[in-house]
Amino acid sequence: MRLNPFNVSNINVRGGGGGGFPGGGGGQLGCGAIVLALIGALVFGVDPGQMLGSMGSMQQGSPTQVQGPQDEQALCTQNQYANEACNALSNLNDTWSRAFAEAGIAFRQPTLVFYQGGTQSGCGSASAAMGPFYCPADEGIYIDTSFYDQLNRELGAGPGDFARYYVIAHEYGHHIQHLTGIAGQIRSLQQSSPAQANQAQVLMELQADCYAGAWAGKNRNAIEPGDFEEGMQAASAIGDDALTGGRVSSENFTHGTSAQRMQALRLGLQSGDDTQCDRIVEVR
């Protein structure tokens, strides 16, 4: 995508602390739990704190502590991936603030948090190995940009920039769900009906995929040849069935199959209408 350079006055960016998990890299967690958490995180959007038990029932935690004043310009230009993320964040803020204004809904920008190795978020501790995630407690999108190399090298999502934009746009989709209340409704449903918890989670993740596509569709003039194909390749690479290779039953999927994720992203891309994504999740 051909995105304009970020506008510093239009983004909230900060640096995260290093470290990793308190007590030393996972401590008492078994290897199986770590593997499942990694699989979940690598398909975008799973809160690593929730999967590893540090988040509990979405309790408030301490936000990331930043040492000294942060220069957003410097944070956004530390490398190519950070620059792309800030460009995307600026455009996402513009796009979604307009959509919310048209719908008469109050809008708040999320904060993009760059970190290396590990960090402490409002949702608990996280390791870079877990990939990007969104924390509703502090409305932060957390990214260690080294993940993008892993996205291409290990997950086969492709080297194009659209796959990377897909990542941040998906996490931004969770922010949209947080602001509109859909995330809270899903959590309530999961708590009241544990048997439906995974199915509800899949629907929420698919809606975030659709929101990512809708953002791109709303900026169709910025789409470049090959972007659609890059998006489909990335969505296919991070489906639950593709990532787990049959090691996890479909009843335990949390993000949807490759086909489902491709369909959700395609719906948003082709329509450019976020209201079309609402039909994916209907919580009553």
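The values are calculated or read from the model by the stated rules, or taken from the named source; none is laboratory data. None of the values given here were measured: they were computed from a predicted structure. Virtual Cβ from ideal backbone geometry, glycine too; neighbours counted across all protein chains shown.
For Ala242, are the conditions met, namely being surrounded by fewer than 20 Cβ atoms within 10 Å (Cβ to Cβ) and touching a Lys or Arg at 6+ places or on another chain (Cβ under 7 Å)?
Values: surrounded by fewer than 20 Cβ atoms within 10 Å (Cβ to Cβ): yes; touching a Lys or Arg at 6+ places or on another chain (Cβ under 7 Å): no.
Spelling it out, it is not the case that Ala242 is surrounded by fewer than 20 Cβ atoms within 10 Å (Cβ to Cβ) and touching a Lys or Arg at 6+ places or on another chain (Cβ under 7 Å).
Quick check, is Ser125 touching a residue at least 12 places away in the same chain (Cβ under 8 Å), polar (S, T, N, Q) and farther than 26 Å from Asn4 by Cβ?
yes
I'd like to know if the range 109-123 contains one or more residues that are within 20 Å of Asp209 (Cβ to Cβ) and of a type outside the set (A, V, I, L, M).
yes
If a residue counts only when it is at pLDDT 85 or above, which helices (runs of 4 or more DSSP H) contained entirely in the range 170-284 have at least 1 such residues?
Here the list reads 182-192, 197-218, 227-237, 258-271.
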